[in-house]
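Please read the structure below before turning to the comments.
Every number in this text was worked out from the coordinates using simple rules, so none of it is lab data. Keep in mind the model is a prediction, meaning the values are calculated, not measured. Backbone-built Cβ (ideal geometry, glycine too); neighbour counts: all protein chains shown.
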Amino acid sequence: MMILTAHQPVYLPWLGLFHKIALADAFCYFDDVQYQNKDFNNRNRIKGPNGPFWLTVPVKSKGHYQIKVKDAEIIDNDAWRKKHWKSILSCYRQAPFFSRYADYFENVYQQDWQRLSDLNEHLLKYFLQELGIRVTYFKMSELKIEGHKSDLVLDMCLNLNASAYIFGALGRDYADIPNFKTNGVRTYIQDYRHPEYPQLFEKFESHLSIIDLFFNCGPDSLDILMSGNITRDQLNPQTFR
């Protein structure tokens, strides 16, 4: 099987995205879909001494129902970058592996990002590299695929000759599984079980950005995020519908 998965650009993604990608042979960066305001396209959570809070990249929101994620423009470029780096520094400078990654993030927040998708892709590729997750990489905006929701995903699978596709948990709400099966594409819906790991500031908080895991656990991050979940080696034709 050639297993494919995809996801729209998100800022500082959570652990579950990387589990999904680790199960696949190929990944498509879904940058040519509608921008979602007040979603994870431009924000995610980190943990401070008073609990989780949001880091949000400011984006021109006027007309967001008409723009694609790849076209979403960042505003207040200098202010948000200073704020995010200051927040990360404040929350994680005492974490065991902060120094391992600090230079990279400091450099990210020194750059003048114009488009949200470019920033998110830059971060995503770094996370995949550090985790050691290797997949064939595609960008939706560079492909010729058509359709809406489930049909769009199926058209992508057929164009890329994928024999199986991994949906995230939300796939249950829109995936037309019988149509995939009719077209010779098997499907699997991810059921991610969030692991616990050592964190700063007492009570464990789940569903944070992966940087929380990186700074706290360093080179063990991949083993931790995969723990308690299905692995690529455990996937076989019988696992898929």
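Okay, here's what the table says:
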read-out	value
Reachable lysines, given that their alpha-carbon falls under 20 Å from the alpha-carbon of LYS125 and they are not under 8 places away in the same chain	LYS20, LYS70, LYS139
Interchain or long-range residues, amide H under 5 Å from THR187's placed H	TYR165, ARG241
Among ILE189, HIS207, ILE177 the positive-end extreme of the charge dipole of the range 172-238 (Cβ point charges)	ILE177
Cβ crowding within 10 Å averaged over residues, with 1-14, 37-50 ranked highest first	1-14, 37-50
